[in-house]
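A quick write-up on the structure given underneath.
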Amino acid sequence: MTTTTSALAPSLDAGRTLPDSWYTDPPIYALEQSTIFRANWQYAGTTAGLDNSGDYVVVDAGPVPVLIVRDNDGQLRGFANVCVHRGSIIVHDRAGNRKSFQCGYHAWTYGLDGRLLAAPGSKNEPDFNPADINLIPVRMETWGPFLFVNPDQNRPDLHSVLGELPDLVSATGIDLSAVRARVRHTFEIRANWKIVVDNYLECYHCPTAHPAFCDVVDVRDYTVREYDLFSTQTAPARKHAGETAPEGIVTSGFYAYLWPNFTINIYPGPGNVSVNLFRPVAVDRTLAIFDYCFCDDVSDKDIDDFAAFVDQVQSEDTALCESVQIGLSAGVIGQGRLMFSQERAIRHFQHLVHKELSGSAP
Ligand code: FES
Ligand SMILES: [Fe+2]
């Protein structure tokens, strides 16, 4: 590691950022994949389209390709989408419905519960017992309509990781069981995933970079709170002359970041929840996957307007993040310095990164 981990913790405490090399070095990226993204809960989409036996989706949990399927007993299950014969990917399309899953290499066939049903030629193998062979399970849990996966069998369950977050979301007036995903937009950002998370975690840049956002949310009255594995940012709706309250069931903005790469966002106005996954795809590339969810009474016009608004904010953030990636790649600042009154949640996040990479995560 470029900077020794023992030297780093006190400097993070003091408000210095992770070293610039942590955003650019391929070995750091590889370590993050094998630690952070192999061992933490990651958003995998919504339960829409997974109502019936045999419905499936294919997602990624960091480096682990995952198959999520509803089995014949109605239970959602997660498996590594990797054939245990010799390692081929089993399912290549993103979603659908099947009665079983057959690997395209040597035709081993698995049931919806992951058990091996058939392997050509297995009768000629005296010690081969299909009943002993299963796909590798991957943990899968839900929060409202949101699916999460975790390849690590030993980490705490999703709900203990979420802690108070579901209660804080409910307190905004949003009932997650009453929203459904209506729009998915995906953005490719030419920046390390931590730059994208850092950027999410502060609104210090909002007055400079997000005029439309500042017109909706009163960023002069911004509150940041840190919890174990998540942090929140809240602010009232911006009141304009002659207005008393925003139209809709939500009266203030609520933005929460959950370790390692998930956010849930609720804007003032009609019943809306947008969730973001910041998925690393290379040391200097991140896919930002946004699922926009709404209550059923929100009109198509309001949905279009909302998505256009968030897309605009994201395009502004994309330019900022890409600029930081270029600057950090120059390797001239070493560690940046945080403005604590506005950027404390970045320190919280960077401590979590540091803990996981130094082997001291729970
Ligand atoms: S690798 Fe899947 S059947 Fe051989
Ligand atoms: Fe922003």
In segment 316-343, how many are modelled with pLDDT under 95 and crowded, with 16+ Cβ neighbours inside 10 Å? 1
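hydroxyl-bearing (S, T, Y) and in contact with a strand residue (DSSP E or B) (Cβ under 8 Å, 6 or more places away or on another chain) - does that describe any residue in segment 294-314?
Filtering segment 294-314 for residues hydroxyl-bearing (S, T, Y) gives 299.
Okay, now just the ones that are also in contact with a strand residue (DSSP E or B) (Cβ under 8 Å, 6 or more places away or on another chain), so none.
No, there is no match, as no residue in segment 294-314 is hydroxyl-bearing (S, T, Y) and in contact with a strand residue (DSSP E or B) (Cβ under 8 Å, 6 or more places away or on another chain).
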Scanning for something in contact with a helix residue (DSSP H, G or I) (Cβ under 8 Å, 6 or more places away or on another chain) and acidic (D, E), does segment 132-140 turn up at least one residue? no
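Has segment 47-56 got any residue that is under 18 Å from the mean Cα position of the chain (by Cα), assigned to a strand (DSSP E or B) and under 15 Å from L147 (Cβ atoms)? Write out each step before concluding.
As a first pass, look at segment 47-56 and keep what is under 18 Å from the mean Cα position of the chain (by Cα): 47-48.
From the residues that got through so far, the ones that are assigned to a strand (DSSP E or B) too are none.
Among the residues of segment 47-56, not one is under 18 Å from the mean Cα position of the chain (by Cα), assigned to a strand (DSSP E or B) and under 15 Å from L147 (Cβ atoms), which makes the answer no.
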For segment 63-76, check the following and say yes or no: at least one residue is part of a loop (DSSP other than H, G, I, E, B), over 14 Å from E141 (Cα atoms) and modelled with pLDDT under 95. yes
Tabulated pairs, segment 81-101, first under 15 Å from V64 (Cβ atoms) and within 11 Å of ligand 1 (Cβ to nearest atom), second assigned to a loop (DSSP other than H, G, I, E, B) and polar (S, T, N, Q), C-beta under 8 angstrom, 6+ apart or interchain: V82/S88; I89/N81; I90/N81
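Please find, within segment 193-202, the residue that is farthest from the chain's Cα centre (by Cα) out of those that are part of a helix (DSSP H, G or I) and among the charged types (D, E, K, R). Full working, then the answer.
Of segment 193-202, the ones part of a helix (DSSP H, G or I) are 193-200.
Those still in the list that are among the charged types (D, E, K, R) too: 194, 198.
On the way: K194: 12, D198: 14 Å.
Filtering first and then ranking leaves D198.
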For L112: the one exception among (1) more than 26 Å from N40 (Cβ to Cβ); (2) within 16 Å of ligand 1 (Cβ to nearest atom); (3) modelled with pLDDT of 95 or more; (4) not small (G, A, S): (2)
Of the residues in segment 120-163 that are among the acidic types (D, E) and either surrounded by 13 or more Cβ atoms within 10 Å (Cβ to Cβ) or more than 30 Å from E226 (Cβ to Cβ) (or both), the one that is modelled with the lowest pLDDT is D127
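Each row is one residue, and each column tells you yes or no for (1) in a helix (DSSP H, G or I); (2) within 16 Å of ligand 2 (Cβ to nearest atom); (3) within 18 Å of P19 (Cβ to Cβ).
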| residue | (1), (2), (3) |
| --- | --- |
| N276 | no, yes, no |
| F306 | yes, no, no |
| V310 | yes, yes, no |
| S315 | yes, yes, no |
| L328 | yes, no, yes |
| L352 | yes, no, yes |
| K355 | yes, no, yes |
For segment 292-319, pairs from a residue that is farther than 25 Å from A191 by Cα and among the charged types (D, E, K, R) to a residue that is away from ligand 2 (no atom under 11 Å from the Cβ) and part of a helix (DSSP H, G or I), with Cβ under 8 Å and 6 or more apart or across chains, are D296/A178
Restricting to segment 190-204, give me the number of residues that are surrounded by fewer than 16 Cβ atoms within 10 Å (Cβ to Cβ) and not charged (D, E, K, R). 0
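The values are calculated or read from the model by the stated rules, or taken from the named source; none is laboratory data. Remember, it's a predicted structure, so these values are computed and weren't measured experimentally. All Cβ positions, glycine included, derive from the backbone under ideal geometry; neighbour counts span all protein chains shown.
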